Amino acid sequence: VQLQASGGGLVQAGGSLRLSCTASGRTGSNYGMGWFRQAPGKEREFAAAINWRSGTTNYADSVKGRFTISRDNAKNTLYLQMNSLKPEDTAVYYCALRLATDWGAPRTGYNYWGQGTQVTVSS
């Protein structure tokens, strides 16, 4: 499985960005995908996840209400719409895929990771 993320960039506080992640390879039909982020000097943290089959979503408290995770089944593409961005959202954002995910949108146990895309929010 390969994941290719894109869509990062520089934006002012209060602005919006949309990240995309395209998956290729054998994933089966019951998997989950998520977005994680890592700020300079900090550990990687969970941001959002979605169950590919059911569409169930899960968000970190820090992004709830501002970020929306979604997927396009036909294009095998994951999205993260980020609104009302804050300087503390500045990080490298990674998409990830978790195999054999029948239920829910887990925050852990991911098997494959994309290369990361930089998001910088200026104040």
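Yes or no, residue by residue, for (1) modelled with pLDDT under 95; (2) under 22 Å from residue 103 (Cα atoms); (3) assigned to a strand (DSSP E or B):
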{"residue": "11", "(1), (2), (3)": "no, no, yes"}
{"residue": "30", "(1), (2), (3)": "yes, yes, no"}
{"residue": "35", "(1), (2), (3)": "no, yes, yes"}
{"residue": "53", "(1), (2), (3)": "yes, yes, no"}
### Query
Which ones in region 13-28 are assigned to a loop (DSSP other than H, G, I, E, B) and surrounded by 13 or more Cβ atoms within 10 Å (Cβ to Cβ)?
13, 15, 27
### Summary
Of the residues in region 27-61 that are in contact (Cβ under 8 Å) with a residue 24 or more places away in the chain and hydroxyl-bearing (Ser, Thr, Tyr), the one that is farthest from residue 105 (Cα to Cα) is 27
### Task
Can you work out which of the residues in region 68-119 that are over 16 Å from residue 7 (Cβ atoms) and either within 11 Å of the chain's Cα centre (by Cα) or basic (Lys, Arg) (or both) is surrounded by the fewest Cβ atoms within 10 Å (Cβ to Cβ)?
86
### Message
For region 93-114: of the residues being touching a Ser or Thr at 6+ places or on another chain (Cβ under 7 Å) and outside any loop (DSSP other than H, G, I, E, B), which is nearest to residue 15 (Cα to Cα)?
### Response
93
### Summary
Taking region 72-92 and keeping only residues that are assigned to a loop (DSSP other than H, G, I, E, B), over 18 Å from residue 54 (Cβ atoms) and free of Cβ contacts under 8 Å to residues at least 60 places away in the same chain, one is left with 75, 90
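The values are calculated or read from the model by the stated rules, or taken from the named source; none is laboratory data. Treat the numbers as computed from the prediction; the structure is a model and nothing was measured. Positions of Cβ are backbone-derived with ideal geometry, glycine not excepted, and every protein chain shown enters the neighbour counts.
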